[in-house]
Every structure is written in C-alpha cells, then in structure tokens.
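Single-structure report; data block below.
The values are calculated or read from the model by the stated rules, or taken from the named source; none is laboratory data. Just so we're clear, the structure is a prediction, and the values are computed from it rather than from any experiment. Methodologically, a virtual Cβ is constructed for each residue, glycine included, from the backbone with ideal geometry; neighbour enumeration extends over all protein chains shown. These accessible areas exclude ligands, DNA and RNA; they are computed on the full protein's heavy atoms, side chains included. Shrake-Rupley method; radii C 1.70, N 1.55, O 1.52, S 1.80 Å.
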Amino acid sequence: MTSSSFRRVRRRLLAPPLLLVPLALSAQTVKPVQEADWRKANDAVGALQRGHADVLRWEQANRPPATDTSAPAGTPIPTAEAAVRMAWRAHRDLDRPLARLGARNAQLIAEGRWTELDPSLQRRVEDAGEVLEVAQKGRKAWIEAVAAEQVLKHQREMLDAAQAAHELGQRMVTVGNWSALQLAPVQLAATSARMNLRRAEYAAARAQSQLVRTLGLAGLQDRFALPAQLPAIPPQAMSDTDARRRAEAVRGQLPVAEGLRNQALSRDALAAYQSAHALALDSQGELLKTRAFITDETLLHYNGMLKSVWELLDEVRNQSQAAVDAIGVQRDFWIAEADLQWVLQGGAPDSFVSLGGTGGDAPAAAAH
C-alpha cells in the first residue's frame, strides 16, 4: 500500500467527531456498568453521526502521543554501491586487486554494471574474482535489509488497522450491540497482525545483523540507516541475445570444465532473472494500481456512508498486504539480477531465488 493512501484512510478514520463522546465510553473509564448505565451509553453512541466509528475516532485522536521506541538510525547506507564499497573496506587484502582493476572498473563493479566489464578481467587481474564475490555479497545483503525494513513498515500499518477494528468491536460488545462470537474473528485478526509484526521485526533485525557482518562491522555497529524503499524496477530486462553473447564471451576465458558449469548456471540465472522481472512489473503495475483504486473507492463510499468502517479497515489491510507481497517480488528481482551479473562474470552462486511469494488478499476479518 502506498503511504499516501494509508495516510488518507487513517486521517479519515481518526478525524474528531462532531459530537462529544460521553465519558462512560472513554477507553480509560470502561468498567462493568449497571443496566441503566448500559442503555444510556448505548443510546449516546446511537446519537453519534456514525455510531461506534465516532467513538473510536475520538479516542484515537485524543490519546497521548506514543513514545518513540525505535532503535537509533545508525550509519546511513543510501545505495547498494555504498554497501559494496564498505564491504571492500572490510577486506584489506582486496586493496591490491582493486588498485590493479583501476578506478573505472571498480566504479562499474560498485554500481552493479558488471556486463560492461572486460570478460577477461578475472584472467588478467589476480584476485579479481574475490573483489566481485565480496561486492555481490554486500549488494545482496543490502537488498535484503532494505526490503525487510519496508515490509516491517507495512506490517505496522496492518496492525494499526487490525487494532482499530478490534477496539471498535470491543466497544460494540461493551454497549451490547455485538456478541462475543462476533468479536472473535476481529480479535483473531488483531492477534494474527501482531504475530506477523513480530515476525517482520525479527526478519528486519536478522537482515540488519547479516548486513553488519557482511560489511565487517560486527561488534562496532548494531544497525544501519537504510533508504525507505528498494530501487525501481527497470522497464526493460536484459535480452536473451545480450545475455547469451555475454555468457559466451565469459566462457571463452574459462577452463573447459568451468565453462560447461557456467553454461548451465547461465541458463538458470537468466530464467530466474527474466521471471523475476516479469513478476515485478506485474506487481508494481497493475496489481498495486488496482489495489489503490479499490482502496480509494472504498474510502469514497465510506465517506458517503455507503461502506462500513469494517469494510474500510479490511481494505486497509488488503492493500498493505498487497504492498508486502510486491516488496518481496521486487527484492527477488534485485537478488536475481545480482546473481545473473555474477554468473555472467564467471561466478557460481550457491542457489537462485525461488520466486515463491505469498500473493492474494488478506481475508476479511469481521462479520459486518
């Protein structure tokens, strides 16, 4: 989900109501009430412009500011190129081969433009393969860490929506408009969102730790400040012709056995790359555009009282889940691209991306 779409939905949900909410319904003062008090509270909610939705909006808008518990930002690594250069600095033994490669080749490697390198580079420059391997590991670790931070942000948004629905459901149970059975699916959705957030927090922490280790800063740095999102997907993928021409040029520099292995790896790497590129374009294009259209239309219908707050909260979760899936596909593309570049320079990655993905919309959480 785009941040702008989520902010529009959130502002609409959390806008102060036109009527004041009785103290009896405040989140800070909900207590067991007598029947007369219950009826009075229920009648008061019914008098609000949108009933229980106004109660929730008022309480959310009047809560004290939350304390920021996020970890310190750390050293910024704005690009994959910066990550590669930091990884090189962690390997002092690479100073000599980097000097032999020259500033131009080092720049091409750091920027990920490996197909512009001379195919005979590894044969001519001793330890050039180590320079490339360290660069590939640094680039991939950075990609993984940026993607994990992106996913974490959207999981927080999904938890916000699930908790808002749960809190509203609890109010409805308190005043007698809902049963415990009706609340149960909403409660499960909030619990599931909380579990997913914890998984995302762990995944982001692991990715940060891996990046720290890859850059040789274990014990010196806990985390890095990363960009808000991965680089955009290029509109055009590398063509079969260009990939084959490059692969043949590289194989001409390799011993026979290595050349045969590289031929098989090139086919696998190119297939993973092209599939990942097609999936990324679909997810970044039609899928997210359609999801954004549905969210915007749902918000318009909610504003016109044609959709319920439950339908709007469900759509917030759906669009955030679509964004999480799209981030995974985008990450897979950049990993596949890094692997292909490495193979076309004579390298041998341990494995290629699986392109599994989760896909689909999050299930509706509540009975409306």
Subject >> Per-selection Rg to Rh, the range 211-274 - Cα, Kirkwood hydrodynamic radius >> reply: 1.18
Subject >> Debye, to nearest 20: dipole size of the range 295-360, +1 on Lys, Arg Cβ, -1 on Asp, Glu Cβ >> reply: 80
Subject >> Taking N as its residue count, the alpha carbon Rg of the range 264-343 over 2.2 N^0.38 Å >> reply: 1.51
**OP:** Keeping all protein chains in position, work out how much accessible area Arg199 exposes to a 1.4 Å probe, and write it in Å² to the nearest 10.
**Re:** 140
**OP:** Restrict the search to the range 121-216; then list the GluC sites (Glu not before Pro) that DSSP places in a loop and that have at most 12 other Cβ atoms within 10 Å of their Cβ.
**Re:** Glu126
Subject >> Charge sum, other residues only, whose C-beta stays under 12 Å from Lys137's C-beta, Lys/Arg counted +1 and Asp/Glu -1 >> reply: -2
**OP:** Count charges around Leu94 for me, please; just the other residues with Cβ under 12 Å from its Cβ, Lys/Arg as +1, Asp/Glu as -1.
**Re:** -1
Subject >> Average accessible surface area per residue within the range 216-265, 1.4 Å rolling probe, Å² >> reply: 64
Original post:
What order do Thr214, Thr191 take when sorted by accessible area (1.4 Å probe), most exposed first?
Top reply: Thr191, Thr214
**OP:** Report the net charge of residues surrounding Ala162, where surrounding means a beta-carbon distance below 9 angstrom and charges are Lys +1, Arg +1, Asp -1, Glu -1.
**Re:** +1
